[in-house]
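First comes the structure, then the notes that go with it.
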Amino acid sequence: MQKGMSRLQFMQGEWDVEAHIMGDNGQWAATPIPKETAIYPIFEGTAHRETMKIAYGDMVVSLFFSWSYDQYRQVYRMISCDDQSGLMSVLEGNFIEGTDTVVIDDVRAGTSMVEAEGEASFSQLSSSKTSEDSFTDILSESYDKGHTWNPIFRAVHTRKKLSKNN
């Protein structure tokens, strides 16, 4: 339980964000938003919540995220929902052993997005602590039930510094 709770506590706070979308050429392209986010504890710190706007070309999508740690099954879970589809995804997973990277996906939960062609698009989030004041999230998608993953979005989070007036 301690490792699970400490990861949730680490992510809480206010963050500057550098966001990128994977371009058609296979290169990361900067996106104007999000530029910042805030992650707040809920339920006495056993979970946290975050809302974020993301630009995909001309379209801006608002997203809600909440993470928790299931101490009985020793697994992380995240729910996410957007203001476009209303789909609530449930992703779950754990740390890659010996690393500061937690990887979660929606394959087991079966809450994939269904594309216009009727094809299921599964999501995976890899979140890596890169320093005491930063972490990077990479969102990937899969069209083969998680056998292969293609990165589509990257967000580099850097903890906001308190001003001397605070």
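The values are calculated or read from the model by the stated rules, or taken from the named source; none is laboratory data. The shown structure was predicted, so the numbers you read here are calculated from the model rather than taken from an experiment. Note that each Cβ is placed from the backbone with ideal geometry, even for glycine, and that neighbours are counted across all protein chains shown. The accessibility values were calculated without ligands, DNA or RNA, using every heavy atom of the protein model including side chains. Shrake-Rupley method; radii C 1.70, N 1.55, O 1.52, S 1.80 Å.
Annotation for segment 3-11: no member residue is over 17 Å from V90 (Cβ atoms) and either at pLDDT 95 or above or assigned to a strand (DSSP E or B) (or both). The lone criterion from (1) more than 23 Å from S112 (Cβ to Cβ); (2) open to solvent by less than 50 Å² (accessible area, probe 1.4 Å); (3) at pLDDT below 95 left unmet by D82 is number (1).
Residues in segment 85-101 that are more than 15 Å from L63 (Cα to Cα) and either of a type outside the set (D, E, K, R) or surrounded by 11 or more Cβ atoms within 10 Å (Cβ to Cβ) (or both): E92, G93, N94, F95, I96, G98, T99, D100, T101. One residue stands out among those in segment 128-166 that are more than 16 Å from the chain's Cα centre (by Cα) and of a type in the set (S, T, N, Q): the one that is modelled with the highest pLDDT, which is T148. Can you say whether I104 is open to solvent by 40 Å² or more (accessible area, probe 1.4 Å) and either modelled with pLDDT under 95 or among the hydrophobic types (A, V, I, L, M, F, W, C) (or both), as far as the supplied structure shows? The answer is no for I104. Of the set (1) within 24 Å of K145 (Cα to Cα); (2) touching a helix residue (DSSP H, G or I) at 6+ places or on another chain (Cβ under 9 Å), all apply to E50 but (1).
In this entry, S62 is excluded by the filter for residues that are in contact (Cβ under 8 Å) with a residue 24 or more places away in the chain and either open to solvent by less than 40 Å² (accessible area, probe 1.4 Å) or out of contact with any strand residue (DSSP E or B) (no Cβ under 7 Å at 6 or more places or on another chain) (or both). Residues in segment 23-52 that are open to solvent by 50 Å² or more (accessible area, probe 1.4 Å) and in contact with a Ser or Thr (Cβ under 9 Å, 6 or more places away or on another chain) were compared, and the one that is nearest to M78 (Cα to Cα) is R49. Can you name every residue in segment 65-78 that is out of contact with any helix residue (DSSP H, G or I) (no Cβ under 9 Å at 6 or more places or on another chain) and surrounded by fewer than 19 Cβ atoms within 10 Å (Cβ to Cβ)? Correct list: S66, Y72, R73, R77. Say we look at segment 143-164 and pick out the residues that are part of a strand (DSSP E or B) and of a type outside the set (D, E, K, R); which of these is surrounded by the fewest Cβ atoms within 10 Å (Cβ to Cβ)? This residue is N150.
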